[in-house]
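Every number here is computed from the coordinates shown, using simple stated rules; none is lab data. For clarity, every value in this text was computed on a predicted model and none was experimentally measured. For neighbour counting, all protein chains shown are included, and Cβ atoms are generated from backbone atoms with ideal geometry for every residue, glycine included.
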Amino acid sequence: MARPLTIDPDPGPGHGNGRENGRGNGPVLVPDPPDPLIRLLGGLSAAVLDGAGPERLIARAAELLGLPVALRSADLHRVRCWSAPAAFRLDEPPALPATALAVPGVQREVGRLGPDLPSVVLPPVPVHGLARRHLLAVLMVEGGVAGYLDVAELGRALRPVDTPVTEQAAALLSVQLHGETVAARAVTRDRDDVLADLLHGTRDEPDLRRLAARAGIDPAAGHLLVRFPVGPGHSASRCRDGVADALGGLAGCRSGRAGSIHASAVLAEPDAVLALLDLPADPTPGGLRAVHGALRERLDRIAAVTGVRRVVVSGAVHEITGLPAALAETGEVDGLAAAFGGAADVVPVTELSTLRLVVHGDRTAVAVRFAEQCLGPLRRSDADTGGDLVETLRRYLAAGAQVRAAATRLGVHENTVRYRLGRIEHLTGLDMRRFDALLAAQLALQVDVLTAGAAALQEGTS
């Protein structure tokens, strides 16, 4: 901002206008002493015009003020970013201890912040670990507190000029955070639309693959669909963020060979929150059980959000075209769990396959779909590789789940049978060591025989 100029009518000796005698013979223009506030505000504006984001703006504010500056969360406990002059040699920003923030006087001052009072100075509370004064300026986004700009008194006392500079920096950051909020909301809406299309199969497969890639969902990767039912008086759309936060810890979950897992997307349906999890590095039954265990550890936190202490997990979905079936399965199993009193646990679909066949009203349709989901991946693998997975499964079950007897019937080595069983587990998610998995496989083969016979009969009469 331009400063006004004053006129010195008699500059006197040493203020000549270029003449050799050094004496002036007329008035000259003399700038007023620079205003530090104008300089500081100009420095902030220049940083924003130069495209500075929050981190660079915080660094510029710390440089201009010569004090440590931190961008804190709305609860004041987390620091998004911070900066301090190098001379302080700080490894972390000056603390705002939780015990000090709990002091009634401090709470009262922070609670007053808003559009009508953009900043306050918190006094030291040494007994609670607050060793110095802190200048706090509030960040407002869409009418709510989005965070605080914290300037710590260190190396020098806070000055009156620090307050308007801090408030201006907080206002600039509020505008930037509002832009981030709007952009994130648009991305979320786009991802929601894509996930809804994937789950309901409302588009052709090429379109689904293209949209999935645009939304950051790898269409070639395997997934698990997880259903979080919501209780009476709860809105799935309002529960969504809480469920997403609970799943955030899964990003670092590791258990044996399960590898890391994370949620690709979270969607609110009318009666449940749905999450698409990437398959773990180990997609075998053991790896999937590790995922179930990680979800089980979070049941209390999830129940506090949804009002229901139950999670339904699909089997492994290796193609995005299988997501609509996974959606139907998790819905069916959730209905069964609710009908049987609402199991308070992680409920894997693969462990209730047999029960679904027995108690579901539309037994024939469910049976045919179940048999295809169980045997379809094996048939496709056999067609692609010339293998014998379906026949191996059939002979293994006929031999009473005995590897040696199955190998004899197939005319192969026992290790060959073990390898094929591992492939069957990988492709179907069935644990061949569990009785219910063996029973489910047996039922699938029986349904397959019936449907194959019906198809042959239909061809013979056509």
Inset, instruction - Compute the distance in nm between two label points, each set 7 Å from the Cα along the Cα-to-Cβ direction, one at Arg380 and one at Val187. - result: 3.1
Legend entry - Nitroxide proxy distance, nm - points 7 Å out along Cα→Cβ at His413 and Leu117: 8.1
Inset, instruction - Return the FRET efficiency for the residue pair Glu391, Asp207: r is the Cβ-Cβ distance, R0 is 35 Å, and the value is rounded to the nearest 0.05. - result: 0.40
Legend entry - Fraction in percent of alpha-carbon pairs per bin - 5 Å, region 221-351: 2, 12, 23, 26, 22, 11, 3, 0
Legend entry - FRET efficiency estimate (nearest 0.05) - Cβ-Cβ, Cys81 to Ala244, R0 30 angstrom: 0.85
Inset, instruction - For region 54-159, just the Cα atoms, rotate onto the principal axes and tell me the three extents in Å, largest first. - result: 36, 34, 25
Inset, instruction - Using Cα centres only, tell me the gap between region 373-436 and region 298-346 in whole Å. - result: 28
Legend entry - Residue order, fewest to most beta carbons within 10 Å, for Phe228, Phe435, Phe88: Phe435, Phe88, Phe228
Legend entry - Relative compactness, region 365-461, computed as alpha-carbon Rg over 2.2 N^0.38 Å: 1.09
Legend entry - Descending principal axes extents, region 117-215, alpha-carbon based, whole Å: 66, 29, 23
Inset, instruction - About the Cα centre of region 365-461, how large is the charge dipole given +1 on each Lys and Arg Cβ and -1 on each Asp and Glu Cβ? Please answer in debye to the nearest 20. - result: 300
Inset, instruction - For every other residue with a beta carbon closer than 15 angstrom to the beta carbon of Gly155, add +1 if it is Lys or Arg and -1 if Asp or Glu, then tell me the sum. - result: +2
Inset, instruction - Can you find, among Leu224, Ala294, Val333, the residue farthest towards the positive end of the dipole of region 221-351? Put +1 on the C-beta of Lys and Arg, -1 on that of Asp and Glu. - result: Ala294
Legend entry - R0 of 45 Å, Cβ-Cβ distance Arg132-Ala281: FRET efficiency to nearest 0.05: 0.40
Inset, instruction - Once every Cα of region 140-182 carries one equal point scatterer and solvent is ignored, give the base-10 log of I(q)/I(0) from the Debye formula at q = 0.20, 0.29, 0.31, 0.33 Å⁻¹, two decimals. - result: -0.66, -1.02, -1.10, -1.17
Legend entry - Positive-end residue of Pro54, Leu154, Leu90, charge dipole of region 38-163 with Cβ unit charges: Leu154
Inset, instruction - Give the order of Thr306, Thr202, Thr416 when sorted by the count of other beta carbons within 10 angstrom, beginning with the fewest. - result: Thr202, Thr416, Thr306
